[in-house]
Amino acid sequence: MNAENDRVITLLIVDDHPVVRDGLRGILEPADGFTVLGEASGGTEAVERTLRLDPDVVLMDLRMPTGSGVEAIAELTRRGARARVLVLTTFDTDSDTLPAIEAGATGYLLKDALRDELFAAIRAAADGRTVLSPAVASRLVTAVRGPAARPVDDVLSAREVQVLEHVARGTSNREIARALFISEATVKTHLVHIYGKLDVRDRAAAVAVAYRRGILG
């Protein structure tokens, strides 16, 4: 196991198709740095098993007959679950993307992602970094281009926008500090102010709201 993968990330796989769950387990279990704690076939079961098994990351499908992924994400957020949720789905429409991120998902990845992309996204999500597939990021930009967009100066300071731009790229606090020549504590302070101004609770939601309002894009 190399230095990048020396941390073992625990996972819960949520998908209503057994073949998909088996496929993900078959990819993840032999790989260094991942342990699959369990599976769930719907949103309701996903909430129960996440709270019971306490995984680091939940791989969450969205459209399932026994409780949607968005409902499950919102419930886990409401209950203060420690697990990060990485959406893994075939759907990248506006009606799927924005609600999932605003509900509390840390990232959004499509099922056509390559294996290494999946591994990198899981590690980023476990660290609390925002993960958006290029197609989803593009849709977020498109969704917010309209008359409802608010001027940057009305919401965030120029420095806060710079910090948020780095967050949207999945950059860690330490990397943001290096890039902007400020301390990591200052980065955290900026994030607190950003969350307060945008009325959100985490990095992924801040990015989603910023795209919607025209602050990013």
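The values are calculated or read from the model by the stated rules, or taken from the named source; none is laboratory data. Predicted model, so just to flag it, every value in this text is computed and none were measured. Note that we place each Cβ from the backbone using ideal geometry, even for glycine, and neighbour counts take in every protein chain shown.
Overview of values
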| quantity | calculated |
| --- | --- |
| Residue check, ILE13 within 17 Å of THR89 (Cβ to Cβ), crowded, with 16+ Cβ neighbours inside 10 Å and touching a helix residue (DSSP H, G or I) at 6+ places or on another chain (Cβ under 9 Å) | yes |
| Which listed residue, of ALA124, ALA204, ALA149, is of a type in the set (Gly, Ala, Ser), at pLDDT below 90, within 25 Å of ARG82 (Cβ to Cβ) and touching a Gly at 6+ places or on another chain (Cβ under 9 Å) | ALA204 |
| Residues of region 22-67 that turn out to be part of a loop (DSSP other than H, G, I, E, B) and either outside the structural domain of VAL85 (by TED's automatic domain parsing) or crowded, with 22+ Cβ neighbours inside 10 Å (or both), as a count | 4 |
| Qualifying residues in region 68-99 (those that are of a type in the set (Gly, Ala, Ser) and closer than 18 Å to ALA135 by Cβ) - the one surrounded by the fewest Cβ atoms within 10 Å (Cβ to Cβ) | SER95 |
| The listed residue being crowded, with 17+ Cβ neighbours inside 10 Å and modelled with pLDDT of 85 or more, out of ARG169, ARG129, ARG115, ARG174 | ARG129 |
| Single residue of ASP16, ASP54 found to be in contact (Cβ under 8 Å) with a residue 24 or more places away in the chain and at positive phi | ASP54 |
| Residue, surrounded by the fewest Cβ atoms within 10 Å (Cβ to Cβ), within region 100-112, restricted to residues that are part of a loop (DSSP other than H, G, I, E, B) and not acidic (Asp, Glu) | LYS111 |
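Residues checked against (1) of a type in the set (Lys, Arg); (2) under 19 Å from GLY69 (Cα atoms):
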| position | (1), (2) |
| --- | --- |
| LEU12 | no, yes |
| ASP15 | no, yes |
| GLY26 | no, no |
| PRO30 | no, no |
| PHE34 | no, no |
| GLU39 | no, yes |
| THR44 | no, yes |
| ARG49 | yes, yes |
